[in-house]
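Reading through the structure tokens given below for one structure.
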Amino acid sequence: MHDATQYIIKDAPYYEAVGKEIEYYEAAYNVRMPMMLKGPTGCGKSRFVEYMAWKLGKPLITVACNEDMTASDLVGRFLLDKDGTKWQDGP
């Protein structure tokens, strides 16, 4: 298992708010409410999450996903090897 502190963002990433998204995110975060970000490629979703992780001092681990990805691609799966089966974690 990795030490989460290695995923803390040390330098402030550039982000310019376009509305009240920072306020909304902080409000959701404070009551532990999940939030889904949706938008086209390149609109700033990842940059926003990176900025909020830095602002809140929380670690950030990103995983590149695609429409063909399955749950086992993300979580992990059993693989066959010469000794039988072994568990292979996802990314």
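The values are calculated or read from the model by the stated rules, or taken from the named source; none is laboratory data. Please read these numbers as outputs of a predicted model, since none were measured by experiment. FYI the Cβ positions are ideal-geometry reconstructions off the backbone, even for glycines, and counts take in every protein chain you see.
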*asked:* For segment 58-91, which positions are charged (D, E, K, R), modelled with pLDDT of 90 or more and not in a strand (DSSP E or B)?
replied: LYS58, ASP68, LYS82, ASP83
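Of everything in segment 35-47, what is of a type outside the set (D, E, K, R) and part of a helix (DSSP H, G or I)? Give them in sequence order.
Taking segment 35-47 and keeping what is of a type outside the set (D, E, K, R), we get 35-37, 39-44, 46.
The answer is SER46, and nothing else.
Quick check on segment 48-57: of everything there that is outside any loop (DSSP other than H, G, I, E, B) and not aromatic (Phe, Trp, Tyr), which residue is surrounded by the fewest Cβ atoms within 10 Å (Cβ to Cβ)? Break it down into steps so the answer makes sense when it comes.
At the first step, the residues of segment 48-57 found to be outside any loop (DSSP other than H, G, I, E, B) are 48-56.
Add one more test, that the residue is not aromatic (Phe, Trp, Tyr), and what stays is 49-50, 52-53, 55-56.
Details: VAL49: 17, GLU50: 18, MET52: 20, ALA53: 18, LYS55: 16, LEU56: 13.
Selected residue: LEU56.
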*Within the set of pairs 6+ apart or on separate chains, which have a first residue in segment 30-44 that is over 14 Å from TYR15 (Cβ atoms), a second that is surrounded by 10 or more Cβ atoms within 10 Å (Cβ to Cβ), and C-beta atoms under 9 Å apart?*
MET33/ALA27; PRO34/ALA28; MET35/TYR24; MET35/TYR25; MET35/ALA28; MET35/TYR29; LYS38/LYS45; GLY39/LYS45
*Return a yes/no flag: does segment 64-76 have any residue that is surrounded by 14 or more Cβ atoms within 10 Å (Cβ to Cβ) and within 11 Å of the chain's Cα centre (by Cα).*
no
*Return yes when PRO34 is surrounded by 10 or more Cβ atoms within 10 Å (Cβ to Cβ) and within 16 Å of the chain's Cα centre (by Cα) and no when it is not.*
no
*asked:* Tally up the residues in segment 77-91 that are touching a Gly at 6+ places or on another chain (Cβ under 7 Å) and surrounded by 11 or more Cβ atoms within 10 Å (Cβ to Cβ), please.
replied: 2
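Go through segment 12-42 and give me each residue that's of a type in the set (D, E, K, R) and in contact with a Phe, Trp or Tyr (Cβ under 8 Å, 6 or more places away or on another chain). Steps first, answer last, please.
Step one: of segment 12-42, the residues of a type in the set (D, E, K, R) are 16, 20-21, 23, 26, 32, 38.
Of everything in segment 12-42, just one residue is of a type in the set (D, E, K, R) and in contact with a Phe, Trp or Tyr (Cβ under 8 Å, 6 or more places away or on another chain), namely GLU21.
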_Pull out all pairs, ordered by first then second residue, where Cβ-Cβ is under 6 Å, the residues are six or more apart or on different chains, the first lies in segment 51-64 and is closer than 19 Å to ALA17 by Cβ, and the second is of a type in the set (Gly, Ala, Ser)._
TRP54/ALA12; LEU60/ALA53
